[in-house]
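The values are calculated or read from the model by the stated rules, or taken from the named source; none is laboratory data. In this text the structure is predicted, and so the values were computed from the model without any measurement. Heads up, the Cβs are rebuilt from the backbone with ideal geometry, glycines too, and the neighbour counts pull from every protein chain shown. Protein only, heavy atoms only, side chains kept; ligands, DNA and RNA dropped before computing areas. Shrake-Rupley method; radii C 1.70, N 1.55, O 1.52, S 1.80 Å.
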Amino acid sequence: MQSVGSIYIAGHSGLAGSAILRALQSRGDSRIIVRTHQELDLTDARAVKDFFQHERPESVFLAAAKVGGIQANNILPAEFLRENLLIQTHVLHEAWQAGVKKLLFMGSSCIYPKLAPQPIPESALLTGELEPTNDAYALAKIAGIQLCKAYRKQHGANFIAVMPTNLYGSQDNFHPEHSHVLPALMRRFHEAQRDGLQEVTVWGSGTPRREFLHSDDLASACLFLMEHYDSPEIINIGWGQDCTIRELAEMIAETVGFTGTLKWDDSRPDGTPRKVLDNRKLSNLGWEPKISLQEGLKLTYQWYLENHR
Ligand code: GFB
């Protein structure tokens with residue numbers, strides 16, 4: 001990243017983008033440009049063109065996306081595919097047209113095959129079938145990765161693509177049906193505890209394994225990669241350890257103070273059996289995450305209590 005010129009964060013109010021915004025602000029950066037969804041609809045080609053031609057940012061964090069948990073992905077595949085394809089197609093093209101010097105594209109660990117080797121190395125991309133509950137989102141993100149590579153190859157654009165594992169933290173979506181597992185359970189346990197309920201329903205079998213990275217660690221990795229990584233190859237951003245959904249549920253119950261029992265609803269999908277990223281590439285560059293799941297759960301619950309009363 002150069003020392004002059006502005007930095008555009010696309011998706012600054014979401015989980016990942018808001019963490020990037022906080023990280024830039026906390027280092028005193030005053031060159032940040034953001035736009036709300038109402039001010040700039042990234043699925044509108046003309047609006048994105050006008051924005052880039054007028055603002056001409058020097059670097060871009062592309063963290064805007066249509067995202068959701070297993071249920072939202074499963075029932076809204078047309079929205080997930082269409083909106084993500086449009087957002088990334090417009091932003092990448094107009095960033096290149098406006099001479100952006102560096103762009104970071106936020107991918108996802110769900111781009112990897114359902115039965116990829118664990119921990120998942122970057123080389124597992126496009127080696128097998130995708131998990132069907134989120135193949136629309138995954139395919140859009142894979143197209144985004146290929147677009148970054150294509151603009152680099154054809155036009156010399158310095159666009160990098162990073163693959164974060166399952167994220168959580170402040171500004172997460174706590175919707176009961178459409179959110180990811182961690183905020184969904186935090187809210188459900190909180191409400192059960194508040195209402196004196198003795199039982200909480202958790203989806204699936206509890207056996208799938210997931211890795212969770214706090215969004216402030218993600219932001220720190222993104223700023224690091226913006227400065228130190230210029231390769232066309234994708235790079236994973238993970239925490240390094242996973243746990244079962246049952247273990248996660250028990251940790252959240254403890255964080256929230258819920259002491260009742262868990263009921264498993266096996267009519268809900270489990271999704272991919274295991275997803276933990278091989279972090280060696282990023283670690284070899286000199287970056288490590290800092291926020292443990294236990295600490296991150298406390299921070300997230302604190303944020304939830306302050307913002308969702
Ligand atoms: O977080 P989650 O929705 O996403 O679900 P994925 C993870 C696991 O938690 C699944 C279980 O096995 C769910 O069945 N689970 C248990 C719950 N209770 C709940 C609950 O109340 N809500 C939710 N949502 N899950 C997503 C992808 O997959 O991963 C996205 O669909 C994205 O595309 C994201 O890539 C990172 O890890 O299965």
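When the pairs Lys141/Lys275; Lys149/Lys290; Lys66/Lys149; Lys102/Lys298; Lys102/Lys281 are compared against a 25 Å limit on Cα-Cα distance, Lys149/Lys290; Lys102/Lys298 fall above it. Packing, as the average of other Cβ atoms within 10 Å across residues, places the peptides 96-102, 250-256 in the order 250-256, 96-102, highest first. On the range 162-267, 45 percent of the accessible area sits on carbon and sulfur atoms, based on a 1.4 Å probe.
Semi-axis lengths, largest first, of the ellipsoid equivalent to the range 27-172 are 26, 18, 15 Å, with √(5λ) applied to each eigenvalue of the Cα gyration tensor. Treating each Cα of the range 94-167 as one equal point scatterer and applying the Debye formula with no solvent, the log10 of I(q)/I(0) at q = 0.16, 0.24 Å⁻¹ comes out as -0.60, -1.06. Packing around the peptides 265-271, 202-208, 42-48, taken as the average count of other Cβ atoms within 10 Å per residue, puts them in this order, highest first: 202-208, 42-48, 265-271. Along its three principal directions, the equivalent ellipsoid of the range 14-80 from the Cα gyration tensor extends over semi-axes of 25, 19, 8 Å, largest first. Radius of gyration (Cα atoms) of the range 1-113, expressed as a multiple of 2.2 N^0.38 Å: 1.08. Cα centroid separation, the range 140-173 to the range 67-100: 10 Å. Choose one of Gly169, Cys243, Phe224: the residue whose Cα lies farthest towards the positive end of the charge dipole of the range 164-309 (beta-carbon charges +1 Lys, Arg; -1 Asp, Glu; about the Cα centre). Farthest towards the positive pole: Cys243. Sequence-distant contacts, meaning Cα pairs under 8 Å at least 6 residues apart, place the relative contact order of the range 197-248 at 61 percent. Annotation: per residue accessible area for the range 1-89 equals 47 Å², rounded to a whole number [probe 1.4 Å, protein chains only]. The dipole here belongs to the range 48-93: it is taken about the Cα centre, uses +1 on the Cβ of Lys and Arg and -1 on the Cβ of Asp and Glu, and is about 100 debye. Only Cα pairs under 8 Å and 6+ residues apart enter the sum, and on that basis the relative contact order of the chain stands at 20 percent. What the Cα atoms of the range 190-239 give is an Rg and a Dmax of 18.5, 53 Å. Projected over all directions and averaged, the alpha-carbon convex hull of the range 139-229 occupies 8.2 nm². Calculated FRET efficiency, Ile32 to Ser292, Cβ-Cβ distance, R0 = 25 Å: about 0.30 to the nearest 0.05.
Diffusion coefficient (Stokes-Einstein, Kirkwood radius over C-alpha pairs, 25 °C, 0.890 mPa s) for the chain: 124 µm²/s, rounded to a whole number. In terms of its C-alpha gyration tensor, the range 242-309 comes out oblate, because a/c is 1.5 or above while a/b does not outweigh b/c.
Would you work out if the range 168-309 is rounded, prolate or oblate? Take a ≥ b ≥ c from the square roots of the eigenvalues of the alpha-carbon gyration tensor; rounded if a/c is under 1.5, else prolate when a/b is larger than b/c, oblate otherwise. Because a/c hits 1.5 or more and a/b exceeds b/c, the range 168-309 counts as prolate. Solvent exposure of the range 110-164, expressed per residue, is 42 Å² of accessible area, with all protein chains present and a 1.4 angstrom probe. Loop-located trypsin sites (Lys or Arg not before Pro) in the range 10-41 (DSSP state not H, G, I, E or B) with no more than 13 neighbouring Cβ atoms inside 10 Å: Arg27. Around the Cα centre of the chain, unit charges on the Cβ atoms of Lys, Arg, Asp and Glu (plus for the first two, minus for the last two) sum to a dipole of about 560 debye.
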